[in-house]
Amino acid sequence: MSSKRSRILSLQRCSSNQSALARELCVLRKDPDLLDVVTSRHVLDRSKDSLWAQLGQTHILQVDDGDGDVNDFTWYTLSLRRVLEFLVAESDEFRARMCQLYRREPCTPNSPWDLIFNFDEATPGMVLNLNNRRKMWTIMVTLKQFGPQVLQHEAAWLPIACLRSNKAKYVQGGFSGASRHLMRDWFVQQPRLQEEGLLLPIGPNGRSVLVFNKFGNTLSDEDALKKFWSGKGASGIQPCWKCWVSRLGPDGTSLREFDATATMLDIRCGNSANFQMIDDKCRYVQANVLARSHGNVQKKQFHELQQAYGLTYNPHSILWDSSLRGIVLPQSCSRYDAAHCFFCNGMVNEELDHLLERLEQICKVGFAELQVYCGAAWRSATCFNGRKTKLSQIDAFTNMRANYWKSTGKFRPNASELLTLVPLIAHFLQTVPGIAAQIPAETFSFVMLAKVEVYQLLVPASFVYFATNV
């Protein structure tokens, strides 16, 4: 083994993964003087502690350990107010964005900027060997008024907090109870972001102005929204959070058969124009009925009432916090993350799993052939990687993933990989001789899906637009 190869392997053993190692080497190549900077653990910890002192905040949560004992748990988060002040002071680009936004759309207490509250569960580590004990909730925020062109960039989303999932389930109110502390800190406790505002130097000529923010909307997948709003999701008689539509029972009937007003619909209805939307007032009425009924009716009746409403009674959650009513609205402020429908155990994942199976069974094309094809030096369009000259070599069809797919039938690329893989595989299906002829239906279906994806990417940040405006 060459000495260069040996040095690279030793570096890989010290790094988290090859991508991280490549990024670190690029930084060092551009600025070799960084090697002379003292980077001992003590120095790094001191720098971290200094930053925490500027931005950190603690919340005392009540935790039930399951034995009936309630203990205090200190939740360490970032202060949204301090983060905004820090970024405006330290980041030229963020300050410029905020100044540009204030010139274009000044905010007042009667016309505040909308805060988007994004949250989801994530498990750090290798996607094919995840350790769910490390699973955590991550919370990020941004401003809706930035617009799709800005919100499509990761840097526009500010990380505020994270909470281990195995800790969140013991917090009173669960994840919703923890989020409630953030909502109260921002919109109930003074200085309130919507009424008193936050003083930032983003006015004309750097003048300090008051910036007002209200709760704009949530942005997450269905499972996370269910935990945020204390909903039952598909297990309730009304599986949809948005509308009055009932599911079918085991005998194939629904509430529609027993509705004397003939206004109730079930999931067999194919015309969404007929759906009646649930408004915030109706949802609050349901929450109040559950609160009054709890402890005053039999357990079976109370369970049936929760099933009918599609709610799980949770007095420590956001929906039952009277101080947040009229601020964090359960219906008009709830948004689904459209990207999950496509790339996070969504349509693209399912379609690709079935396609890989057909390619192997009928066309005798496996991971090895796809790796050669997708691993070529493709030059992808600007909409995929932001730079026309960037080479887009995809190392997705590895032996490890091939073994995982054979044992589970699941191919698990991350969302970013899927964005680039889909047009390449569609190109493969249409250009490699014999493939389209052997599996015409599968080819047609996947190519149509690829066109939908490309359309979403070509229309500026359309996923973000629909998730924040629809």
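Read the figures in this text as sums done on the coordinates, not as results from a lab. Quick caveat: nothing in here was measured; it's all calculated off a predicted structure. Note that we place each Cβ from the backbone using ideal geometry, even for glycine, and neighbour counts take in every protein chain shown.
Laid out as a table, the results:
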item	result
Cα radius of gyration and Dmax for segment 48-143 (Å)	18.4, 56
Residue-count net charge about CYS341 - beta-carbon cut-off 10 Å; Lys, Arg +1, Asp, Glu -1	-3
Full-extension gain in nm, MET277 to ALA308, via 0.36 nm per residue minus C-alpha separation	9.6 nm
The chain, helix-only ellipticity at 222 nm - DSSP H runs n ≥ 4, -39,500 (n - 2.57), divided by all residues, nearest 500	-13500 deg cm²/dmol
Cα point-scatterer Debye curve for the chain, base-10 log of I(q)/I(0) at q = 0.08, 0.09, 0.13, 0.14 Å⁻¹	-0.63, -0.80, -1.48, -1.56
Potential lengthening between SER235 and THR74 on full extension [0.36 nm per residue; Cα-Cα distance subtracted]	54.7 nm
Exposure proxy ranking, count of Cβ atoms within 10 Å, fewest first, for ILE425, ILE139	ILE139, ILE425
Charge context of GLY66, other residues only, Cβ under 14 angstrom, K/R +1, D/E -1	-2
Charge tally in the Cβ shell below 12 Å around PRO239, where Lys, Arg are +1 and Asp, Glu are -1, PRO239 excluded	+2
Over the chain, relative contact order from alpha-carbon pairs under 8 Å, at least 6 apart, %	12
Ranked by how many other beta carbons lie within 10 Å on average, peptides 202-209, 292-299, 220-227 from highest	220-227, 202-209, 292-299
Highest-first arrangement of 228-238, 102-112, 251-261, where packing means the average Cβ count within 10 Å	228-238, 102-112, 251-261
Anisotropy class of segment 217-350 from Cα gyration tensor, a/c 1.5 cut	oblate
Segments 417-424, 54-61, 65-72 sorted - mean Cβ within 10 Å per residue, highest first	417-424, 54-61, 65-72
